[in-house]
Amino acid sequence: MHFGRSIARLALALSCCLLTATPAFAQFWQCAPYARQISGIDIRGNAHTWWDQAKGRYARGSTPKEGAVLSMASSRRMPLGHVATVSRVVSDREVLLTHANWSRRGGIETDVRAIDVSAAGDWSSVRVWYGPVGGLGTSANPANGFIYRDGEPAAAPTAIDAPLLIATSATVSMDSAASVN
């Protein structure tokens, strides 16, 4: 009888230890903070404000460029707009995007297809890959254009997606913690 209780207590203690030492995965991402982090374009606020905020601070235009941020305008379906970083230019009317919070709430998607469907070929209307339908979205989204970053495109995001081990009191002794200044 006591042996069974001891096993149960040990299992409970072990599960508590495992829960505190489990790696924490990437946070729930919104599109704007994620685009800022991987593009190096330091604009804050909701995505629909990025285009106006970029004026005078960053070059803007209608030509896709690797590392640029595609700024999508506010619409009925996207009242806060959307921003996504160009990971590769396929042609003048097709790019691959890396972005967050599009197909899955808080999720990150890398190298997803986006095409310019505007009549003028100026990227004012785009269709973007949407995971739940397994293809380009069912509707076109209004876009402002591209915000260009100075210098070379940012490195591909790898550290963001990697697990991070959070130290627990079991992994750091009080003596070693007190000696660190």
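Considering the Cα trace of region 28-157, what is its radius of gyration and what is Dmax, both in angstroms?
Over region 28-157's Cα set, Rg and Dmax evaluate to 13.0, 38 Å.
For a quick check: with amide H placed at 1.01 Å from N, whose amide H comes under 5 Å from TRP123's, ignoring anything fewer than 5 positions away on the same chain?
Under 5 Å from the amide H of TRP123: SER118.
Counting only residues 5 or more places away or on other chains, whose amide H sits under 5 Å from the amide H of GLY145 once H atoms are built in the peptide plane?
The answer is SER71.
Given labels modelled 7 Å from the Cα in the Cβ direction, how far is it in nm from PHE28 to GLN53?
Here the modelled spin labels are 2.1 nm apart.
What is the distance, in nm, between label points placed 7 Å from the Cα along the Cα-to-Cβ direction at ARG77 and at ALA120?
Placing both labels 7 Å beyond Cα along the Cβ direction yields 2.1 nm.
Once the piece of chain linking ASP150 and ASP111 is laid out straight, how much longer is it, given 0.36 nm per residue of separation minus the C-alpha distance between them?
11.9 nm
For ASN46 and VAL89, compute 0.36 nm times the residue count separating them, minus their Cα-Cα distance, and round to one decimal in nm.
13.0 nm
Which ³J(HN,Hα) values, rounded to whole Hz and listed in residue order, are derived for region 126-137 from phi using the Karplus coefficients 6.51, -1.76 and 1.60 in 6.51 cos²θ - 1.76 cosθ + 1.60 with θ = phi - 60°, glycine and proline given as x?
For region 126-137, the Karplus-derived couplings read 10, 10, 10, 3, 10, x, x, 9, x, x, 5, x Hz, x marking Gly and Pro.
All of the numbers you see were taken from the coordinates with simple rules; none came from a lab. Since the structure is predicted, the reported quantities are computational estimates derived from the model, not experimental observations. As a convention, Cβ positions derive from the backbone with ideal geometry for all residues, glycine included, and neighbour counts pool all protein chains shown.
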